[in-house]
Amino acid sequence: MRYRSGAGFELALPDLTVEAIGWNNEGDISQLGASLAVALAADRPLALRSRAEYFAGDTPLRAVLNGITATPRAPA
């Protein structure tokens with residue numbers, strides 16, 4: 001069993017969006033996690049996006065129990 005609690009913030013400006021989230025897992029796995037996403041759209045046809053995660057939130061519990069971590073999939 002795993003319980004997750006966390007908090008985050010989002011800054012949304014006309015050409016810049018920043019999202020940061022932090023969480024704590026309790027139960028069978030006690031591990032901190034975090035996510036940071038930045039999107040820059042200075043010129044509408046061109047947008048730059050970056051994302052990083054530590055202990056990805058969508059990692060299956062069975063994988064975590066076996067020492068495997070996951071990385072987020074790139075948006076389609």
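No lab work stands behind these numbers, since they all come straight from the coordinates. Keep in mind it's a predicted model, so treat the numbers as computed, not measured. We place every Cβ from the backbone using ideal geometry, glycine too, and count neighbours over all the protein chains shown.
Counting Lys and Arg as +1 and Asp and Glu as -1 over every other residue whose Cβ lies under 14 Å from the Cβ of Val38, the net charge comes to -2. Note that the chain carries a Kirkwood radius of 13.9 Å, evaluated over its alpha carbons pair by pair.
When the stretch 2-65 is described by a simple charge dipole with +1 on each Lys and Arg Cβ and -1 on each Asp and Glu Cβ, the residue from Asn24, Ala41, Leu11 located farthest towards its positive end is Asn24.
Computed extension length for Leu32-Asp15: 3.1 nm, one decimal, from 0.36 nm per residue of separation with the Cα-Cα distance subtracted.
Using a simple charge model, +1 on the beta-carbon of Lys and Arg, -1 on the beta-carbon of Asp and Glu, nothing else, what dipole does the chain show about its Cα centre, in debye to the nearest 20?
It comes to approximately 220 debye.
Taking the helices alone, the chain has a mean residue ellipticity at 222 nm of -1500 deg cm²/dmol, built from -39,500 (n - 2.57) per DSSP H run of at least 4 residues and averaged over all its residues. Using 16 Å as the cut-off for backbone N distance, which residues of the stretch 4-27 belong to the label zone defined by a point 7 Å from the Cα of Ser50 along Cα→Cβ? Backbone N within reach: 16-21.
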